[in-house]
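Report on the following structure.
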Amino acid sequence: MWQYNNPVNIIFGEKKINEIQKITEKKKYILITSDFIFKEYLNEILNSINAPQLIYSKINPNPDYEDLILLMDFLSKINFHNIDFILAIGGGSVMDSAKVIAAFKDNKKLLTDFIKRNKPPLIYDPIDLITVPTTSGSSSELTCWATIWDKASNKKFSLSHTKLYPKTAIIDPTLLLNKPKQLTISTGLDALSHSMESIWNINANPISAFHGIQGARLVLENLPMLANDLNNLELRTNLALACIHAGLAFSNTKTAISHNISYPITLEFGIQHGIACSFSLPFIMRSMKGINEIAEQRLKKIFNNDLDVSSVLLLNKLRSLGVPLNLNELNITKQKWDLIVSESFDGERGKNFLGNKEAFDKACKEMSVF
Ligand SMILES: NC(=O)c1ccc[n+]([C@@H]2O[C@H](COP(=O)([O-])OP(=O)(O)OC[C@H]3O[C@@H](n4cnc5c(N)ncnc54)[C@H](O)[C@@H]3O)[C@@H](O)[C@H]2O)c1
Ligand SMILES: [Fe+2]
C-alpha cells in the first residue's frame, strides 16, 4: 500500500515570471526576497505588477532564528487578515523564510516556543504562498516544510505542515542564468542528494522513486556541462527540470542519512549545504548493495550499472565538480566523523534510511573516506 500527493501548481518555462502580473492582479500580498535578487530582477518585475503591501529584501542564506525575529518585527505593521498571499522570489532561504511567516505571521512567541522551548509548532490557517525559485536546488517551492537554523544552539529545525505546500510555483529557467559557478554546483548537488535520498528511503513509493531516478540522472548528465557553460539556457532548463523531479520525489519521502550527516558539517565547518549533503552519496550508494532489493534495482537505473561500479562513477563525477571526498579534504578528524555518523543514524532523518551503519562504515573504508 502506498500514497502519493503533491498539490503544488507548477508553471514552467522561459519568461514565465511574467505570470506574476496575472496572479497579483487585485490582490494584497507581501513580497519576500533577498538583496541580490531584488537588485537584479525586481525593478523589472515591480514595473509590471500590482504593487505589494510590503517588500522585505534582507533574507540571508540559511534563515536563522534571529533573522526571522527581525523579519517578524518588520512585518508587525501588516494586518495579516487583509493579506491574500506571500510572494517569495529567491532561493531556498527566501522560500523557507516565507513559509515561517506563512505559518506564524508576526507571532514571535510561536516561533520562539518552537525553536527555543522545544514545543511542537502551532500552525493555524497558514497564509497562501506563491514561490518563484532563483536556484535549482532546494525544491522548497514543491515541499511543505522549511528549515530553520539556530546558530546559537548549533541546531537545525524542520517546520512542517501539509498546508505549507505553496499554491503555485513559477519556475522560469531564465532567472537562473546569472547564478555563479559555485552556487550552481552546490544547489545542483542538493537536488542530486534529494533525488537519491528519496530512493534509499523507508517512505519511497513507485512514483517518488520514478522522480528520484529522473532527478538524479538529469543532474548527473547536465551539471558537469553547466558548470563550464553557465549561461547555457538548455542546460539551465534541464537542471530546473531535475530540481522539479527531485522535489516531487522527496516531498513524499523526506530526506535521509546524507542530510543528517550534512547538518553538523554545515553548522560547525561552514561547508555549503549542497556540498555537505552530497559528498557522502557514493559511500551510501555502495552501502546499499544487497540491503534492499527494490531500492537497489532503482539505484542501478541511475548509471545502468551495479552499485560497486555506480558508486565509483558517482565519486568521479563529484570529484570533477570539486567536491571534497575524504576527511582530509573536509578537514574533519576521524573522531569527529565517527560521532557525526553515529548521531546521524540515530537522528530522525537517519531513521528514514533503508540501509545500516555497518554497511555504511564498510563502504566508507572501501572508498577511502578516512
Ligand atoms: N524547504 C525545503 O524543502 C528545503 C530543502 C533543501 C534545502 N532547504 C534550505 O534552503 C537553503 C538553501 O537554499 P539555496 O541552496 O537555494 O540557496 P540560498 O537561498 O541560501 O541562496 C544562497 C545565495 O545565493 C543567492 N542567490 C539566490 N539566487 C541567485 C541567483 N539566481 N543568482 C545569484 N545569486 C543568487 C542568495 O541571495 C544567497 O546569497 C538552506 O537553508 C536549506 O536548509 C530547504
Ligand atoms: Fe537539501
Can you name the condition, by its number, that F279 falls short on among (1) more than 12 Å from ligand 1 (Cβ to nearest atom); (2) more than 20 Å from E141 (Cα to Cα); (3) touching a helix residue (DSSP H, G or I) at 6+ places or on another chain (Cβ under 6 Å)? (3)
List the residue pairs whose Cβ atoms are under 6 Å apart, where the first residue sits in region 332-354 and is free of Cβ contacts under 8 Å to residues at least 60 places away in the same chain, the second is part of a helix (DSSP H, G or I), and the two are 6 or more positions apart or on different chains. W337/L327
If I go through region 138-152 residue by residue, how many of them are in contact with a His (Cβ under 7 Å, 6 or more places away or on another chain) and either surrounded by fewer than 21 Cβ atoms within 10 Å (Cβ to Cβ) or at negative phi (or both)? 1
Considering every residue within region 111-118, establish whether at least one is modelled with pLDDT of 95 or more, part of a loop (DSSP other than H, G, I, E, B) and away from ligand 2 (no atom under 16 Å from the Cβ). yes
Checked region 196-212 for anything open to solvent by 10 Å² or more (accessible area, probe 1.4 Å) and within 18 Å of the chain's Cα centre (by Cα); matches are N203, A204, H211
Quick one: in region 128-147, which of the residues that are touching a Lys or Arg at 6+ places or on another chain (Cβ under 7 Å) and either hydrophobic (A, V, I, L, M, F, W, C) or farther than 26 Å from P180 by Cα (or both) is nearest to ligand 1 (Cβ to nearest atom)? A146
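Table: residues versus (1) under 26 Å from A276 (Cβ atoms); (2) among the acidic types (D, E).
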{"residue": "N60", "(1), (2)": "yes, no"}
{"residue": "D64", "(1), (2)": "yes, yes"}
{"residue": "L68", "(1), (2)": "yes, no"}
{"residue": "L71", "(1), (2)": "yes, no"}
{"residue": "F74", "(1), (2)": "no, no"}
{"residue": "L110", "(1), (2)": "no, no"}
{"residue": "D113", "(1), (2)": "no, yes"}
{"residue": "R117", "(1), (2)": "no, no"}
{"residue": "D125", "(1), (2)": "no, yes"}
Might you check whether a residue that is assigned by TED's automatic domain parsing to the domain that holds N82 and on the phi > 0 side of the Ramachandran plot occurs anywhere in region 161-176? no
All helices (runs of 4 or more DSSP H) inside region 273-349 with 2 or more residues being within 16 Å of K362 (Cβ to Cβ) and in the same structural domain as I199 (by TED's automatic domain parsing): 281-287, 307-320, 334-346
May I ask you to list pairs of residues, at least six apart or on different chains, whose Cβ atoms are under 7 Å apart, with the first in region 73-90 being not assigned by TED's automatic domain parsing to the domain that holds T143 and the second being more than 16 Å from ligand 2 (Cβ to nearest atom) and polar (S, T, N, Q)? none
Give just the number: which of (1) under 20 Å from the mean Cα position of the chain (by Cα); (2) more than 24 Å from K155 (Cα to Cα) does I55 not satisfy? (1)
What are the residues in region 196-222 that are small (G, A, S) and away from ligand 1 (no atom under 16 Å from the Cβ), if any? A204, A209
Has region 244-258 got at least one residue that is away from ligand 1 (no atom under 16 Å from the Cβ) and within 26 Å of K15 (Cα to Cα)? no
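This table checks each residue for (1) within 12 Å of ligand 1 (Cβ to nearest atom); (2) open to solvent by 10 Å² or more (accessible area, probe 1.4 Å).
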residue	(1), (2)
F157	yes, yes
T162	no, yes
Y165	yes, yes
T174	yes, yes
Q182	yes, yes
T187	yes, yes
H194	yes, no
Reported set for region 121-137 where residues are open to solvent by 30 Å² or more (accessible area, probe 1.4 Å) and at pLDDT 95 or above is P121, L122, D128
With touching a residue at least 60 places away in the same chain (Cβ under 8 Å), out of contact with any Ser or Thr (no Cβ under 6 Å at 6 or more places or on another chain) and not hydrophobic (A, V, I, L, M, F, W, C) as the only criterion, which of K362, K357 stands out? K362
Of the residues that make up region 255-277, is at least one surrounded by fewer than 24 Cβ atoms within 10 Å (Cβ to Cβ) and farther than 20 Å from S93 by Cα? no
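The values are calculated or read from the model by the stated rules, or taken from the named source; none is laboratory data. Worth saying up front: this structure is predicted, and the values here are computed from it rather than measured. Here the Cβ is made from the backbone with ideal geometry for all residues, glycine too, and neighbour counts use every protein chain on show. Heads up: the accessible areas ignore ligands, DNA and RNA and are worked out on the full protein's heavy atoms, side chains in. Shrake-Rupley method; radii C 1.70, N 1.55, O 1.52, S 1.80 Å.
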